[in-house]
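This report refers to the structure that appears directly beneath it.
Just so it is clear, none of the values below were taken in a lab; they were calculated from the coordinates. Bear in mind the structure is a predicted one, so any value in this text is a computation, not a measurement. Every residue, glycine as well, gets a Cβ built from its backbone with ideal geometry; the counts of neighbours run over all protein chains shown.
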Amino acid sequence: MLEFRNISFRYTQDESPMMENLSFLVEAGAFVSVIGASGCGKSTIFRLINGLETPDTGEILVDGKPISALKQYSAFMPQKDLLFPWRSIEKNICLPMELQGVPMAEQTRRCQQVLEQVGLSGYGKKYPKDLSGGMKQRVAFARTLLSGADMLLLDEPFSALDYLTRVEMQEWLLHQWESTGKTILFITHDVEEAVFLSKTIFVIQERPFSAMEQVEVPLGYPRNRSDLKRQEVVELKEQLIGRLRKGVNL
Ligand SMILES: Nc1ncnc2c1ncn2[C@@H]1O[C@H](COP(=O)(O)OP(=O)(O)OP(=O)(O)O)[C@@H](O)[C@H]1O
Ligand SMILES: [Mg+2]
């Protein structure tokens, strides 16, 4: 469903390119994580996918079509929830629809539906300050779902949460992924998180990069946290940490 074809990209103020001749494929319905040292270009990949940056050469295709010819093929969820504190949860969720001029009754209907889907029905009239960190990320996820896009780009969505909330959110996200059938691209610094969630992990090891190593996680779904203790999974985690450390220049 997503294809990078010979993508090269350099930020204008940078001397060296970020990526050169990068090609990769992500299948529809996949759960793919991207890991790599800080500054290696993970978020840049998302910026290219959602059209915030344009490649210097090459093409990005979704379902075989260049993204310039498409609308609403991807939806982005940032690290911080970015909810407006002065708007209720409902009003936060409805904001994109408001901007698109969706009729009020339809806004309310879709908002209720998505709140229910993320397990927050009854929270529409509350304000962001009334919700825990995990709940706020669920609201942000609901807003991402509402865009209707089939591909969700989640950029370190749980990194600001405490450990236990993060663990719960990971299980929650897998459940959402399984029930919605969306394609998820997930950026994380946390190797264990990548292993627990993903079918496939893309590893960025150097800069500029012209390929990402593609690692298949040897686990099916549904997953259980105890799977992380399996010998082959422990070894995979160690290998990935080793590879990431090679890319860190202290
Ligand atoms: N909007 C931008 N404009 C110009 N340069 C940018 C921009 N965003 C990123 N860069 C440059 O690209 C480099 C890598 O950026 P990117 O955000 O893709 O890395 P990352 O792998 O997501 O890092 P992190 O793990 O810290 O989030 C940055 O160090 C910066 O020099
Ligand atoms: Mg980033």
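What whole-number distance in Å separates the alpha-carbon centres of region 101-160 and region 13-73? So the two Cα centres are separated by 25 Å. Along the axis of the charge dipole computed for the chain (Cβ charges of +1 for Lys and Arg, -1 for Asp and Glu, origin at the Cα centre), the listed residues Ser226, Thr144, Ser38 are led at the positive end by Thr144.
With both partners inside the chain, how many of the DSSP beta bridges are antiparallel, as a percent to the nearest 5? Please list the in-between numbers first.
Details: 16 of 35 bridges.
So the antiparallel bridges amount to about 45 percent of the total.
Principal-axis analysis of the Cα atoms of the chain puts helix 231-246 at an angle of about 70° to the longest axis. Note on the chain: with a GNM built from Cα contacts shorter than 10 Å, the maximum mean-square fluctuation among Lys229, Lys199, Lys42 falls on Lys229. Each Lys and Arg contributes +1 and each Asp and Glu -1, all at the Cβ; summed about the Cα centre of region 83-148, the dipole is approximately 180 debye. Full extension of the chain between Leu95 and Thr180 yields a length gain of 28.4 nm, computed as 0.36 nm times the residue separation minus the alpha carbon distance.
Working from label points 7 Å from Cα in the Cα-to-Cβ sense, the Tyr127 to Met1 distance is 3.8 nm. Considering region 83-148, its Cα convex hull presents a mean projected area of 3.9 nm². For chymotrypsin sites (Phe, Trp or Tyr not before Pro), the sites in region 57-154 that DSSP calls loop and that have at most 14 other Cβ atoms within 10 Å are Trp86.
Based on the Stokes-Einstein relation at 20 °C and a viscosity of 1.002 mPa s, and on the Kirkwood radius from alpha carbon pairs, region 192-250 is assigned a translational diffusion coefficient of 173 µm²/s. Histogrammed with a bin width of 5 Å, the alpha carbon distances of the chain distribute as 1, 6, 13, 17, 18, 16, 13, 9, 5, 1, 0 percent, first bin at zero. Working note: 222 nm ellipticity from helices only, DSSP H runs with n ≥ 4, each -39,500 (n - 2.57), summed and divided by the residues of the chain, gives -11000 deg cm²/dmol to the nearest 500.
Here each label is just a point 7 Å from Cα along the line to Cβ, and for Glu116 and Glu213 those points are 4.6 nm apart.
I need the trypsin sites (Lys or Arg not before Pro) found in region 67-154, filtered to DSSP loop residues with at most 16 other beta carbons within 10 Å of theirs.
Answer by residue number: Lys71, Lys80, Arg87, Lys125, Lys126.
With a Förster radius of 35 Å applied to the C-beta separation of His189 and Val102, the computed FRET efficiency comes to 0.45.
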